[in-house]
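The values are calculated or read from the model by the stated rules, or taken from the named source; none is laboratory data. What you see is a predicted model; the values in this text were computed from it and never measured. Positions of Cβ are backbone-derived with ideal geometry, glycine not excepted, and every protein chain shown enters the neighbour counts. We work out accessible area using only protein heavy atoms, side chains counted, and drop any ligands, DNA or RNA first. Shrake-Rupley method; radii C 1.70, N 1.55, O 1.52, S 1.80 Å.
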Amino acid sequence: MIAATIRQVLSSIARVRDAALDRVVEVNGVTERAVMATGEILQRITLRATNHVERLQSLRAHSEQRGTEGLNAAVQRQLDGATTYSHEIGGLIAQQNVQAREALGELEVIRSAALQIERLAKAARTLALNAQIEAMRLGEAGKPFGVVAAEMKLMAQQVEHANTLVGRTAESLQASLPQLASRSEEMDARSKSFAVELGERLRDVTGEGESLRRAIQEALTTGDEALGAVLADCREAFSQLQFQDPAAQQLLMIDQDAYALQRELCELLEVEDEELRPPPLAPLSGQVSIEQVRNGEAVLF
Amino acid sequence: MTGKKILVVDDSASVRQQVSLVLGQAGFHVIEAVDGIDGVEKINGNDDLAVVICDVNMPRMNGLELVEKVRAGNQRALLPIVMLTTEGQPALMQRAKQAGAKGWIIKPFKADILIATVKKLAA
């Protein structure tokens with residue numbers, strides 16, 4: 001009776017050990033697969049964060065090298081262009097002023113000529129008048145002469161009239177040319193002033209560009225540090241998930257304690273039945289094939 | 001046999017600790033690596049290693065990749081490497097064998113099996 005009971009106890013211990021070991025391995029496998037799946041997700045996060053960090057570092061290095069050189073060069077080109085434009089305008093205005101003064105001089109010549117023509121026209125009119133008087137004095141014989149005198153008088157009047165128009169035109173031009181020169185000089189002054197103002201505004205742009213560059217640098221550095229922290233957290237999280245191995249190992253220790261108990265009971269009770277005695281530990285299953293190796297065991301290749 | 005240097009490569013600190021404890025009590029000197037890349041560096045930096053015990057599933061470089069890299073380096077072609085893993089697929093074991101691994105232990109490991117395996121390979 002006692003022997004039968006002992007057999008049952010030992011048999012139960014063996015069954016429990018087998019079942020426990022199977023469960024240990026199963027749980028270990030399930031948890032390891034879950035951990036590895038989570039680990040893959042963390043690795044993807046880590047990879048994306050690493051790629052982003054590398055891009056940020058590349059951007060920062062590029063920004064440090066280039067700085068605001070490109071912007072400064074563009075600003076300088078604009079300044080140079082504005083200065084050149086201002087000089088060209090000034091040159092053109094100066095040429096225009098020279099031509100205006102030459103024109104004034106020529107107008108003066110025209111005015112003088114007009115005065116002379118007026119004097120000549122007056123003299124011709126006087127001459128025509130005298131001719132008419134003489135023609136009247138000559139009577140019939142002087143008629144053709146009188147006609148010529150009348151024509152001369154008419155021509156003299158027309159010349160006088162045309163000369164008056166030329167004189168007025170010359171006077172008008174003489175009055176307006178100085179105004180034109182004055183306006184041209186005003187344009188030149190405004191052009192120079194515009195170039196100076198443009199320079200100041202473009203320098204403001206350069207200053208803003210430098211501020212922007214510093215802000216970008218700071219943002220890149222902050223982003224770099226933040227992603228570094230994300231990477232560190234991901235690695236730590238992955239490490240923390242590795243709980244199933246030690247848990248399974250502890251459960252195996254329990255099994256080994258049960259094995260030791262089983263053998264001790266058999267020795268104590270002098271159990272000879274091979275079915276009840278746990279087999280001695282075979283350290284290496286050297287003859288076991290890859291397909292036959294069991295959980296907890298080793299196979300050498 | 002005692003005092004021989006063993007490298008354990010596993011991304012789990014607990015497993016490294018357990019293996020170090022078991023082998024340390026058996027008289028071995030154990031050093032640790034946290035993943036495959038760290039493992040390769042430790043292998044290249046320690047000419048007196050007797051055996052390497054290596055997990056399979058690790059970030060950055062897994063255990064099979066570590067074996068392939070070490071064997072490709074020629075200098076450590078004879079260094080025994082044993083895989084210690086929960087994986088029990090015959091295809092993986094075959095791949096490890098072809099890559100040059102010397103053995104395969106399925107977790108959770110039994111202390112006496114681990115010790116016997118290391119002793120046999122370190123001899």
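Per residue of A:246-253, count partner chain C-beta atoms within 10 Å of its C-beta, then hand back the mean as an integer.
Per residue, the number of nearby Cβ atoms from other chains is 5 on average.
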Furthest towards positive pole of dipole, A:Ala103, A:Leu92, A:Leu59, structure part region A:57-111, Cβ charges: A:Leu59
Net dipole in debye of region A:56-160 [+1 Lys, Arg Cβ; -1 Asp, Glu Cβ; about Cα centre; nearest 20]: 260 debye
For B:111-118, mean number of other protein chain Cβ atoms within 10 Å: 4
Percent of beta bridges antiparallel (DSSP, the protein assembly as shown, rounded to nearest 5): 15 percent
Given charges at beta-carbon only (K, R positive; D, E negative), |dipole| of the protein assembly as shown in Debye: 1340 debye
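Over all distinct Cα pairs, what is the inverse of the mean 1/r for region B:39-106, reported as the Kirkwood hydrodynamic radius in Å?
It is 11.9 Å.
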Under 5 Å, built H, 5+ apart or other chain: amide partners of B:Val51: B:Leu7
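With a 1.4 Å probe and all protein chains left in place, how much of the accessible area of chain B comes from carbon and sulfur atoms, in whole percent?
Using a 1.4 Å probe with all protein chains present, chain B comes out at 49 percent carbon and sulfur.
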Most to least accessible of A:Ile89, A:Ile45 (protein chains only, probe 1.4 Å): A:Ile45, A:Ile89
Top of A:Leu251, A:Leu276, A:Leu138 by mean-square fluctuation, Gaussian network on chain A, Cα under 10 Å: A:Leu138
Candidates A:Glu200, A:Glu272, A:Glu210: whichever shows maximal mean-square fluctuation once chain A is modelled as a Gaussian network with Cα springs under 10 Å: A:Glu272
Inter-chain Cβ neighbour average for residues B:4-14, partner chain, 10 Å: 3
List B:Val67, A:Val109, B:Val34, A:Val25, ordered by accessible area with a 1.4 Å probe, largest first: A:Val109, B:Val34, A:Val25, B:Val67
Mean separation of Cα contacts under 8 Å, 6 or more apart, over the residue count of region B:16-123: relative contact order %: 25 percent
Mean separation of Cα contacts under 8 Å, 6 or more apart, over the residue count of chain A: relative contact order %: 35 percent
Rg followed by Dmax, in Å, when region A:104-223 is reduced to its Cα trace: 35.5, 121
Long-range HN-HN contacts of B:Val30 with modeled amide H, under 5 Å: B:Ile6
Pairwise burial B:A, computed as accessible area of each alone minus the pair, summed, 1.4 Å, Å²: 2900 Å²
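Tell me, what % of the accessible area of region A:1-132 is carbon and sulfur with a 1.4 angstrom probe? All intermediate terms of the calculation are to be shown ahead of the outcome.
On the way: 5180 of 8860 Å².
Looking at region A:1-132 in its full context, I get 59 percent from C and S.
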Charge-dipole axis of the protein assembly as shown as Lys and Arg at +1 and Asp and Glu at -1 on Cβ define it, positive-most pick from A:Val299, A:Ser172, A:Gln158: A:Gln158
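Let's see if you can work this out: charge +1 on each Lys and Arg Cβ, -1 on each Asp and Glu Cβ, no other charges. What is the dipole magnitude of chain B about its Cα centre, in debye to the nearest 20?
Details: 15 positive and 13 negative charges, 89 e Å.
For chain B, the charge dipole is close to 420 debye.
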